[in-house]
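Only one structure is covered here, and it is reproduced in the block below.
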Amino acid sequence: MPITLQELENQIEPSRTALILGAGSSVPSGAPTGAQLAQRLWRDVAKVDPASDDLTETSSILERRYGRRAVIDIIVQILGGLEPTGGLLGLPKFGWREVFTTNFDRLIEKAFKRNGQEITVYRSNYDFSSKEFTVGTKLFKIHGCISQDTALGHKAGMTITERDYENYKDYRQALFATLKASLLTGDVLVIGQSLKDRHLQDLLKEVLGAKIEGSPGQIFLLAYDKDDLRAPLLEDRGVRVAFGGIDDLVKALSSDFVEAKAEAAAEATGLLPISLLPVVREVATELKKPTSISSMFNGKPATYSDIRAGATFERTVLARSLEDLASGAGNTVTVIGAAGVGKTTFARQLALKLYENGMQVWEHVADFPFLHQPWTGVERGLSAKGEAATLLIDECTHALRQASALIDHLASLEKPALRVVLTGNSALWAPRVKSPNFYKRGAVVNLSRLEDAEINGLINLVEFNTEVATLVTPQFRKQPRVKKFSALRQKCASDMFVCLKNVFANESLDVILLQESDELSENYQEYYRYVAALEAAGTRVHRQLLIRMLGVPPATVEAILGGLTGIIDEYDVLPREGIYAWSTRHIVIARKIAAYKFSQLEEIVSLFKLIIDNINPAVAIELQTLRNICDYEFGIGRLGDSEIRQNLYRRLIEIAPGERIPRHRLIRELLDQGELDDVEHLIRSAEEAVGPDAPMERYKIRLTLARAATTPRISEADRLALLRKAYESAMTMVSRYKGDKFSYVSLCDVAIQLMLRGDGPYTLDEAIGLMREASSWILDPDMLRRIREYETTRARGAR
């Protein structure tokens, strides 16, 4: 039987409840229903009496007869001037988890603005990339918004016709995946939605079935018109139905609602703005957590508690790095090295030393996108108070543009109050474009295999730390110190320092990991191999993604984690949105397991297809996954078949057309295959979709070089003319992207081709000179190496 409004108010908690707002939620603010809007379109566009009250059918007919712009202009005219009133105006103050709407109007956005509440709006799949750094409540407009349409010159539009439903199916799939995650991990309140949307009906059926199997949360429906005949049908499927309007709901919710004081909230957060609180770890808080030395021994980076408990040894460069940061001689220390060499532990040792010296220290959580602007505000607050603090950014290569922006800002200050410690995989660090201030105003520490003094520190750890000693094999502990030193020196010279278990064992890391895997029961082995393979491929693995990909019953998740204790960890990312990440102990461990358990090409290709078919770019960590799986070494780039790679990149572009990386990869593939006409088309469509950038300019130059070399039946003079055109374009690119080292590389490459075709070495001399001048302030060591290579080529060509 239906519940009362008071019962509804008692049963929902807005912070864990997603709203689905249909046309009925906008009607009290003056918006027409779908049928009324269809009738207006007939009268205002066709100037005839309505022939249908179905909005999709009406829009399809009228678009075909009168053009899309005529239909869109009337819809915008009707809905554009609406203002929120009553209950809709009061909805934002309750702090809803997420909001979904099928409405085109901007009433919800205006209501949030009137309440002083932040909101991030997703109107099409182009917004997934541009709105990555979300602030406030997320609003998903399932059918688009009057603020953008293809008829008005935008890349995406409203879903008003049958053809629109087909064109925007990828966007709708992503939104429904997000909605499904909300339904599976919390409560959902449907307001003003008749449930006539077939996709919504099918989704609710699927989710209600999952909730019967144990998924948390409840589905509530607030219906304006009392219908005692149909309500029981919904209740039989598990929906809790209440009758009333949006005004009645807000009145009921307001009875017990007390608005938080902004001043009190600001005071409670200290130096950090509210937006940073979910995305950082404070060292002072981390030190209160128990040690996890066994996990560290088996491959996870040391925690701050582990380090304070004396369960780690120091690297020789620690003291110098500490002195630089503590004295203010440098703003940053960047620790680079191969995966598994101990970068994160080193960075945390450095951060803890600074904390013990009196600084406040935070660590950015790598599962969230890094945004530099809030930290410039933190620096201002520190300076005003005369305090100093440190921020640690682990694996900064995933957010190098934003990290560079922060480093540049700090370098512009005479005595910045914020220091930054960063880590990065050397294979990703070297080729990336980054701020010169990493070198000019900081130190770059290259961490590699252990030195003799560090090996002695490792032996001391075993001899003097009882908890570590119990984890080491008795055979090693009983050896004389000289033999221990000799064994470790040999081991650390041949293997990466991935985990202590590997260092002290006689077996190789591969053997240790395979034995450990084979000891698991068969079903747990299957989950382990998938989590490892996903992590190795660049996926940000989390609970909802696995439920989607592998069909994991939600009720069995806890049992799976229990069976993989010590192998797979789950930790909070965004509990409010149901995001709980899963990880192996180390990326090197994940890659080794994946190499053995997904050893056939067909398996790897199927894995990537599975990832792409289930990825939801509306979720920030899955958007990062979309970029990561384009990696050359461990992602799609490792597949040997170019056609397979191209198909996977094309599918990624369909899912998230606002992303640059898949487009870059696809263009590069086609250039390598000599498909020059396709490349020209792809570059043009990419620039229309995401705008120009330095890589796209470089691909244009490569395209011109390829045409000069391969176009049949043109004269040598024409080939030279094409090369000179490419050189002019490269010179323009260098002036436009002065800090991009690869622009100078492209310039030199064109100059070499001119020289080889008999145009003399003068352009190459000019290009090398520009590159040398730029290297003096870009300060990237890779530029000096390339300059030497070009000078060698120049010397050979002049002979």
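Quick check: is even one residue across segment 162-177 in a strand (DSSP E or B) and in contact with a Phe, Trp or Tyr (Cβ under 8 Å, 6 or more places away or on another chain)?
No, every residue in segment 162-177 fails to be in a strand (DSSP E or B) and in contact with a Phe, Trp or Tyr (Cβ under 8 Å, 6 or more places away or on another chain).
The rows are residues; the columns are (1) surrounded by 20 or more Cβ atoms within 10 Å (Cβ to Cβ); (2) touching an Asp or Glu at 6+ places or on another chain (Cβ under 6 Å); (3) within 30 Å of ASN437 (Cβ to Cβ); (4) touching a residue at least 40 places away in the same chain (Cβ under 8 Å).
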position	(1), (2), (3), (4)
ILE701	yes, no, yes, yes
ARG713	no, no, no, no
GLU716	no, no, no, yes
LEU723	yes, no, no, no
GLU728	no, no, no, no
MET731	no, no, yes, no
SER735	no, no, yes, no
ASP740	yes, no, yes, yes
SER746	yes, no, yes, yes
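Results for (1) outside any helix (DSSP H, G or I); (2) over 30 Å from ASP236 (Cβ atoms); (3) aliphatic (A, V, I, L, M); (4) out of contact with any Asp or Glu (no Cβ under 8 Å at 6 or more places or on another chain), shown as yes or no for each residue.
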| residue | (1), (2), (3), (4) |
| --- | --- |
| GLU9 | no, no, no, no |
| PRO32 | yes, yes, no, yes |
| ALA35 | no, no, yes, no |
| LEU41 | no, yes, yes, yes |
| THR56 | no, no, no, no |
| GLU63 | no, yes, no, yes |
| LEU79 | no, yes, yes, no |
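Hey, can you tell me all the residues within segment 778-793 that are farther than 21 Å from LEU428 by Cα and open to solvent by 60 Å² or more (accessible area, probe 1.4 Å)?
If the condition is that a residue be farther than 21 Å from LEU428 by Cα and open to solvent by 60 Å² or more (accessible area, probe 1.4 Å), then ARG788, GLU789, GLU791, THR792 are the ones that fit.
Sort out which residues of segment 656-681 are part of a helix (DSSP H, G or I), of a type in the set (A, V, I, L, M) and either out of contact with any helix residue (DSSP H, G or I) (no Cβ under 9 Å at 6 or more places or on another chain) or buried (at least 22 other Cβ atoms within 10 Å of the Cβ) (or both), and write them in order of number.
Applying the first criterion (part of a helix (DSSP H, G or I)) to segment 656-681 yields 661-673, 676-681.
From what is left, the residues that are of a type in the set (A, V, I, L, M) are 661, 666-667, 670-671, 676, 679.
Those that are part of a helix (DSSP H, G or I), of a type in the set (A, V, I, L, M) and either out of contact with any helix residue (DSSP H, G or I) (no Cβ under 9 Å at 6 or more places or on another chain) or buried (at least 22 other Cβ atoms within 10 Å of the Cβ) (or both): LEU666, ILE667, LEU670, VAL679.
Starting from segment 439-460, take each residue that is in contact (Cβ under 8 Å) with a residue 12 or more places away in the chain and charged (D, E, K, R) and list its partners that are part of a strand (DSSP E or B) and open to solvent by less than 70 Å² (accessible area, probe 1.4 Å), counting only C-beta distances under 7 angstrom and pairs at least six apart or across chains.
ARG441/THR332
Of all residues being acidic (Asp, Glu) and more than 25 Å from the chain's Cα centre (by Cα) in segment 150-175, which is surrounded by the fewest Cβ atoms within 10 Å (Cβ to Cβ)? Just the residue, please. Break it down into steps so the answer makes sense when it comes.
Filtering segment 150-175 for residues acidic (Asp, Glu) gives 162, 164, 166, 170.
Next, only the ones that are more than 25 Å from the chain's Cα centre (by Cα) stay: 162, 164, 166.
Details: GLU162: 13, ASP164: 23, GLU166: 9.
Ranking the candidates gives GLU166 first.
Taking the criterion of being open to solvent by 50 Å² or more (accessible area, probe 1.4 Å) and within 21 Å of ARG702 (Cα to Cα), would at least one residue in segment 612-631 satisfy it? So that I can check it myself, show each step before the final result.
Our first condition is that a residue be open to solvent by 50 Å² or more (accessible area, probe 1.4 Å); within segment 612-631, this holds for 613.
Imposing the further condition that a residue be within 21 Å of ARG702 (Cα to Cα) reduces the set to none.
Looking for residues that are open to solvent by 50 Å² or more (accessible area, probe 1.4 Å) and within 21 Å of ARG702 (Cα to Cα), one finds none in segment 612-631, hence no.
Against the condition among the hydroxyl-bearing types (Ser, Thr, Tyr), open to solvent by 50 Å² or more (accessible area, probe 1.4 Å) and either in contact (Cβ under 8 Å) with a residue 60 or more places away in the chain or under 27 Å from PHE497 (Cβ atoms) (or both), how does TYR596 come out, does it pass? Before the answer, list the steps.
Details: among the hydroxyl-bearing types (Ser, Thr, Tyr): yes; open to solvent by 50 Å² or more (accessible area, probe 1.4 Å): yes; either in contact (Cβ under 8 Å) with a residue 60 or more places away in the chain or under 27 Å from PHE497 (Cβ atoms) (or both): yes.
Yes.
Can you work out which of the residues in segment 458-502 that are modelled with pLDDT of 90 or more, open to solvent by 20 Å² or more (accessible area, probe 1.4 Å) and within 38 Å of the chain's Cα centre (by Cα) is farthest from ALA590 (Cα to Cα)?
Result: GLU467.
When only residues in segment 102-149 that are farther than 17 Å from GLY90 by Cβ and among the aromatic types (Phe, Trp, Tyr) count, which is surrounded by the most Cβ atoms within 10 Å (Cβ to Cβ)?
The selected residue is PHE104.
Among residues belonging to segment 350-409 that are basic (Lys, Arg) and over 28 Å from the mean Cα position of the chain (by Cα), point out the one that is most open to solvent (accessible area, probe 1.4 Å). Show your work before the answer.
Of all residues in segment 350-409, those basic (Lys, Arg) come to 353, 380, 385, 401.
The next check asks that each one be over 28 Å from the mean Cα position of the chain (by Cα); those that pass are 353, 385.
Numbers: LYS353: 66, LYS385: 127 Å².
Ranking the candidates gives LYS385 first.
For segment 322-334, does any single residue satisfy the condition of being in contact with a strand residue (DSSP E or B) (Cβ under 6 Å, 6 or more places away or on another chain), surrounded by fewer than 21 Cβ atoms within 10 Å (Cβ to Cβ), under 12 Å from VAL420 (Cα atoms) and at pLDDT below 95?
Pass one, segment 322-334, residues in contact with a strand residue (DSSP E or B) (Cβ under 6 Å, 6 or more places away or on another chain): 324-325, 330-334.
If we keep only those that are surrounded by fewer than 21 Cβ atoms within 10 Å (Cβ to Cβ) as well, we get 324, 330.
This time we only want the ones that are under 12 Å from VAL420 (Cα atoms), so: 324, 330.
Keeping just the survivors that are at pLDDT below 95 gives 324, 330.
Checked segment 322-334: at least one residue is in contact with a strand residue (DSSP E or B) (Cβ under 6 Å, 6 or more places away or on another chain), surrounded by fewer than 21 Cβ atoms within 10 Å (Cβ to Cβ), under 12 Å from VAL420 (Cα atoms) and at pLDDT below 95.
Could you list all residues from segment 539-552 that are part of a loop (DSSP other than H, G, I, E, B), buried (at least 22 other Cβ atoms within 10 Å of the Cβ) and out of contact with any Leu (no Cβ under 7 Å at 6 or more places or on another chain)? Explain how you work it out, then say what you get.
Initially, segment 539-552 is screened for residues part of a loop (DSSP other than H, G, I, E, B), giving 539-541, 551-552.
After this cut, where a residue has to be buried (at least 22 other Cβ atoms within 10 Å of the Cβ) as well, the list is 539-541.
If the condition is that a residue be part of a loop (DSSP other than H, G, I, E, B), buried (at least 22 other Cβ atoms within 10 Å of the Cβ) and out of contact with any Leu (no Cβ under 7 Å at 6 or more places or on another chain), then THR539, ARG540 are the ones that fit.
On the given criteria, is ARG684 loosely packed, with under 13 Cβ neighbours inside 10 Å and not in a helix (DSSP H, G or I)? Break it down stepwise before answering.
On the way: loosely packed, with under 13 Cβ neighbours inside 10 Å: yes; not in a helix (DSSP H, G or I): no.
No.
The values are calculated or read from the model by the stated rules, or taken from the named source; none is laboratory data. Bear in mind the structure is a predicted one, so any value in this text is a computation, not a measurement. Neighbour counts run over all protein chains shown; Cβ positions are idealised from the backbone, glycine included. Heavy atoms of the whole protein, side chains included, go into the accessibility calculation; ligands, DNA and RNA do not. Shrake-Rupley method; radii C 1.70, N 1.55, O 1.52, S 1.80 Å.
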